[in-house]
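J.: Structure incoming, see below.
The values are calculated or read from the model by the stated rules, or taken from the named source; none is laboratory data. What you see is a predicted model; the values in this text were computed from it and never measured. Positions of Cβ are generated from backbone atoms using ideal geometry, with glycine treated the same way; all protein chains shown enter the neighbour counts. In case anyone asks, the SASA skips ligands and DNA or RNA and just uses the protein heavy atoms, side chains included. Shrake-Rupley method; radii C 1.70, N 1.55, O 1.52, S 1.80 Å.
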Amino acid sequence: MGQERGSISFDNTKNAFAYKSDKELKKAHFLFSSMGYQFLVSVGIRLTKWAIKMRLPVNGIIKNTIFQQFVGGETLAQTAPVARKLGEFNVQVILDYGVEGGESSESAFDHACEEFIRVIRYAATQPNIPFMSIKVTGIARFSLLEKLDKSAEEQSGSLMKRFAAAYDSLTKEEKGEWDRVKERIHKICTAAGSLKIGVLVDAEETWIQDPVDVLTMQMMDEFNKQKAIVYNTIQLYRHDRFSFLKDSITAAEQRSFVLGVKLVRGAYMEKERARAEANGYPSPIQPDKGTTDKDYNAALRLCVDHIDNVSFIVASHNEYSNLLATELLDEKGYSHRHPHVHFSQLYGMSDNITFNLAGAGCSVSKYLPFGPIRDVVPYLMRRAQENSSVAGQTGRELGLIKKEIARRKKER
Ligand SMILES: Cc1cc2nc3c(=O)[nH]c(=O)nc-3n(C[C@H](O)[C@H](O)[C@H](O)COP(=O)(O)OP(=O)(O)OC[C@H]3O[C@@H](n4cnc5c(N)ncnc54)[C@H](O)[C@@H]3O)c2cc1C
């Protein structure tokens with residue numbers, strides 16, 4: 001089942017689940033077994049969305065099941081015992097305040113900005129929280145991002161040039177609105193820079209990603225002069241992202257800043273393909289999984305090759321890619337704890353990777369979302385979808401959980 005090469009094995013379920021009691025493990029078994037039924041998941045997702053809209057009292061059910069598995073708590077304070085527990089196993093934490101604003105008001109965006117800063121200040125007081133993540137959709141109107149992206153696409157030239165023209169095409173009010181988005185992210189990065197907490201900017205759907213990339217590059221140019229404070233996210237399921245990564249490295253080298261990148265495969269594949277088909281444009285997604293994997297692994301190699309100028313996060317549940325990253329470091333004689341390398345998996349998933357990497361001395365974390373149930377529902381829906389294919393993640397998770405339950409029984 002698990003990958004094993006060299007000194008690191010992802011098969012060790014004793015290490016992987018040492019932080020879970022028997023009861024917690026049984027609960028996880030029940031949850032992943034249920035998520036194996038695609039029909040159950042798709043009905044569950046529709047029912048949950050409807051129940052929340054109707055304000056039906058479903059919080060209790062969500063909280064005791066999927067929320068507990070994938071989320072750190074409803075408040076920052078509630079994440080503390082989880083982070084402490086992870087810390088006992090040398091696992092770090094990336095705090096993720098689960099806000100996805102959409103069309104919220106300016107005051108909601110200001111509030112989210114303050115919350116992000118609160119997370120940074122809190123992280124700085126903790127021994128094992130070196131990063132936090134933000135979503136630009138938490139501080140900017142989705143349709144404004146969409147408008148900027150669309151109009152940048154109609155221009156030619158470099159991303160920065162196309163974006164400048166897109167900005168010029170906005171109305172006076174919209175320009176003011178965008179300037180406020182910039183002020184918000186600037187405030188967040190200023191706080192992060194002074195407290196040395198990394199800010200990971202999540203990647204979004206392709207139709208709003210250009211302005212997110214521009215903002216992030218601008219922040220890196222200002223805050224990453226000495227070390228990486230700000231990180232962009234590169235989705236290698238997009239066929240254009242490997243070359244975007246190359247361009248970003250060149251830009252960082254030319255402008256003398258450290259490029260921060262979180263490497264992911266990408267979370268919105270079905271949505272992307274469906275939109276492309278509905279609107280009659282070529283899909284931005286790779287033709288198949290093998291091509292995504294090839295680009296992901298090539299991106300790892302590129303980052304290791306430019307490690308002096310690139311600080312990168314291997315954000316993946318793919319065992320092969322995680323092992324490959326350690327091997328590429330070995331090949332070049334770099335330590336697995338090189339300050340420019342970090343590994344991360346989502347809380348509630350792939351504990352076999354996280355805890356075994358930690359055991360092998362790697363710098364590794366759990367990406368830990370928190371927030372009111374209502375706010376983290378979109379995140380939970382994505383996790384349910386991702387885990388609803390028996391051939392995919394659920395099969396992996398369930399197999400490992402079963403193995404550990406059997407191992408503990410035998411040990412008794
Ligand atoms: C710490 C962390 C942070 C993350 N942050 C973000 C983020 O900011 N934005 C974001 O979008 N996602 C994010 N993700 C999710 C990530 O993009 C993936 O959805 C998820 O991790 C699964 O990919 P994988 O590398 O773990 O492994 P795998 O299980 O090996 O790969 C699954 C992925 O491969 C791709 N894939 C599957 N089938 C095909 C196919 N037929 N054709 C082409 N590609 C295919 C898809 O991207 C799918 O999610 C994050 C994940 C982690 C662990």
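J.: Using θ = phi - 60° and the Karplus form 6.51 cos²θ - 1.76 cosθ + 1.60, what ³J(HN,Hα) does each residue of region 305-321 get, whole Hz, x for Gly and Pro?
T.: For region 305-321, the Karplus-derived couplings read 4, 10, 4, 5, 10, 10, 10, 10, 10, 7, 9, 7, 9, 7, 4, 4, 5 Hz, x marking Gly and Pro.
J.: Per residue, how big is the convex hull of region 102-315 when only Cα atoms are used? Give it in Å³.
T.: Dividing the Cα hull volume of region 102-315 by its residue count gives 122 Å³.
J.: Would you tell me the accessible area of His342, worked out with a 1.4 angstrom probe on the heavy atoms of the protein chains, in Å² to the nearest 10?
T.: Number for this one is 10 Å².
J.: Among 396-405, 326-335, 258-267, 83-92, how do they line up from the highest to the lowest mean number of other beta-carbon atoms within 10 Å?
T.: The most tightly packed comes first, giving 258-267, 396-405, 83-92, 326-335.
J.: Considering amide H positions built from the backbone, and no H for Pro or chain starts, which residues 5 or more places from Lys262, or on another chain, come under 5 Å of its amide H?
T.: Answer set, sorted by chain and number: Asn232, Thr233, Ile234, Ile313.
J.: Could you compute how fast the chain diffuses translationally, taking Rh as the Kirkwood radius over C-alpha pairs and applying Stokes-Einstein at 25 °C with viscosity 0.890 mPa s? Give it in µm² per second.
T.: D = 112 µm²/s.
J.: While we're looking at this one, here's another question. Farthest toward the dipole's positive end in the chain, which of Phe257, Cys362, Tyr334, given Cβ charges of +1 (Lys, Arg) and -1 (Asp, Glu) about the Cα centre?
T.: Checked the options; the winner is Cys362.
J.: Rank Phe131, Asn352, Gln286 by how far each Cα sits towards the positive end of the charge dipole of the chain (+1 on Lys, Arg Cβ; -1 on Asp, Glu Cβ) and give me just the farthest.
T.: Asn352
J.: Please turn the phi angles of region 285-302 into ³J(HN,Hα) values with the Karplus equation 6.51 cos²θ - 1.76 cosθ + 1.60 (θ = phi - 60°), one per residue in order, whole Hz, x for glycine and proline.
T.: For region 285-302, the Karplus-derived couplings read 8, 4, x, 7, 4, x, 6, 4, 4, 4, 5, 4, 5, 5, 5, 4, 4, 4 Hz, x marking Gly and Pro.
J.: Quick check on my link table: of Lys85/Lys294; Lys49/Lys135; Lys49/Lys271; Lys147/Lys289; Lys85/Lys227, which ones sit more than 25 Å apart, alpha carbon to alpha carbon?
T.: Too far apart for the 25 Å limit: Lys85/Lys294; Lys147/Lys289; Lys85/Lys227.
J.: Round to the nearest 0.05 the FRET efficiency obtained for Thr190 and Lys20 when R0 = 30 Å and r is the Cβ-Cβ distance.
T.: 0.20
J.: Return the sequence-ordered ³J(HN,Hα) values of region 339-349 in whole Hz as given by the Karplus equation 6.51 cos²θ - 1.76 cosθ + 1.60 applied to θ = phi - 60°, using x for Gly and Pro.
T.: x, 9, 10, 8, 10, 8, 10, 6, 4, x, 9
J.: Starting from 0.36 nm per residue, how many nanometres of slack lie between Arg275 and Leu56 once their C-alpha separation is accounted for?
T.: 75.7 nm
J.: When ligands, DNA and RNA are left out and all protein chains stay put, how many square angstrom of accessible area per residue does the chain have with a 1.4 Å probe?
T.: Accessible surface, normalised per residue, equals 44 Å².
J.: Right, something else. For region 224-242 and region 297-364, write down the distance between their C-alpha centroids in whole Å.
T.: 15 Å
J.: List the residues, sorted by chain then number, that are 5 or more residues from Gln92 or on another chain and whose placed amide H is less than 5 Å from its amide H.
T.: Val364, Ser365, Lys366
J.: I've got another one for you. Give me the percent of accessible area attributable to carbon and sulfur for region 102-315, probe 1.4 angstrom.
T.: Summing carbon and sulfur atoms, their accessible area is 52 percent of the total for region 102-315.
J.: About the Cα centre of region 102-315, what is the dipole size in debye to 20, counting +1 per Lys and Arg Cβ and -1 per Asp and Glu Cβ, all else neutral?
T.: About 560 debye.
J.: Taking the highest mean first, how do the peptides 52-62, 15-25 order by number of other beta carbon atoms within 10 angstrom per residue?
T.: So the peptides 52-62, 15-25, ranked by packing, come out 15-25, 52-62.
J.: What ranking, highest mean first, results for peptides 300-313, 354-367 when packing means the other Cβ atoms within 10 Å averaged over each residue?
T.: The packing order, highest mean first, is 354-367, 300-313.
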